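Nothing in this text is a laboratory measurement; each read-out follows from the coordinates by a stated rule. No experiment lies behind these values; they were computed from the predicted model shown. Heads up, the Cβs are rebuilt from the backbone with ideal geometry, glycines too, and the neighbour counts pull from every protein chain shown.
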Amino acid sequence: MARAQAQPNIALVKYWGKRDSALNLPASGSLSITLDSLWTRTCVVFDPTLTRDELLLDGAEHPAALARVSGCLDLLRERAGSTVQARVDTHNNFPTGAGLASSASGFAALVLAGSAALGLTLDQRALSVLARRGSGSAARSIFGGFVGMAAGTRADGEDAFATPLLDAAQWPLCVVVAVTSTRAKAVGSGAGMELSRRTSPFHAAWLAGADADLASARHALQHRDFAELAAASEHSCLKMHAVMLASRPALMYWNGATVECVHAIRALRERDGVPVFFTIDAGPQVKAVCLPTAAPRIAAVLGTVPGVEQVLTSALGAGARLLPDAEVD
Ligand code: DP6
């Protein structure tokens, strides 16, 4: 038995498209920030009396997610030479499956707790490769701060893993999340990406531009250039949503409040000089990335946007880690 905690990460240069679905290999690299105050805590127990894996998510069975979880556990069992089934008990302190990257923190915590429970000692690169098999973005939540994810070129995917770029303390940005709906999304990321690959006329252009966006974001990190990071991030985000919107049928993850939040953030920056930019994933939440001093003002403004249900503020945080028993709810 072992317990682990991982936090979601938010991509600034987005991953939207796979080069191999079976191994879950991304078609382009990505760059993210790991959050601090949102978390998944997962306990994995391998129990010889079980006849199949079991999954409890926030205290309830979750049959829809069990196959993906078992798939990840199978990879761990294969490495450990075990056939023992597991009970997975996982908790999120934020809404699941609503565009807040619960699959990223979920699979990062799962592979760390699962490997420890089986007595495997895997380095962070190996954990990142395994987490990627569960969810592409989970490879990044193994690490804290700013994280780069490589698409890799190998057919076996062993070079598609994340690496840390900067610690949270090296550029302590803040994220203010405007939650505009806590309903689970209609089309999950994996299915959405496949739809975009097959049908969006912008898909090829999206992939062709990824390296330039990554280079710009990395340059911004090196120089702590907030304006350059803002420009690269918003460009990547809006291009990804253009690819989604041009898919058939169209993938429309935004609601009215999403759009209002984007306008509010742009007004804060362009009219009032507040250091902030937005990013949005496969859901209607808006994440405002800012310098820490600006966070209270941004939270206050986003809290007044009609349709915003909740505002969460988080610093950047650490990577996935094992927990002592006492730290689990
Ligand atoms: C829009 O990692 O959830 O958040 O690999 O199919 O599990 P799968 O997809 P997932 O996709 C994340 C998409 C995104 C952008 C990003 O996080 O890079």
Q) trypsin sites (Lys or Arg not before Pro), restricted to region 55-95: which are DSSP loop and have at most 12 other Cβ atoms within 10 Å? A) none
Q | Debye, to nearest 20: dipole size of the chain, +1 on Lys, Arg Cβ, -1 on Asp, Glu Cβ | A | 620
Q: In square nanometres and to one decimal, what's the mean projected area of the convex hull around the Cα atoms of region 244-329?
A: 8.6
Q: Starting from the Kirkwood radius over alpha-carbon pairs of region 83-211, derive D by Stokes-Einstein at 25 °C in a medium of 0.890 mPa s and give it in µm² s⁻¹.
A: 146
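So for Phe107, Phe146, Phe46, fewest C-beta neighbours within 10 Å to most, what's the order?
Phe46, Phe146, Phe107
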(Q) Counting pairwise Cα distances across region 195-288, what percent come out greater than 18 angstrom? (A) 51
Q: Only helices at least 18 Å long along their axis, Cα-based, and averaging -0.5 or more on Kyte-Doolittle count here, so list those DSSP H runs from the chain.
A: 63-80, 102-117, 203-223, 226-245, 256-272
Q | Ranked list, fewest to most other Cβ atoms within 10 Å of each Cβ, for Met1, Met149 | A | Met1, Met149
Q | Distant alpha-carbon pairs in the chain (separation over 29 angstrom), percent | A | 34
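May I ask you to list the GluC sites (Glu not before Pro) in region 153-252 that are in a DSSP loop and have at most 16 other Cβ atoms within 10 Å of their Cβ?
In loop regions of region 153-252 (DSSP not H, G, I, E or B), the sparsely surrounded GluC sites (Glu not before Pro) are Glu158.
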Q: Between the alpha-carbon centers of region 82-118 and region 189-259, tell me the distance in whole angstrom.
A: 27
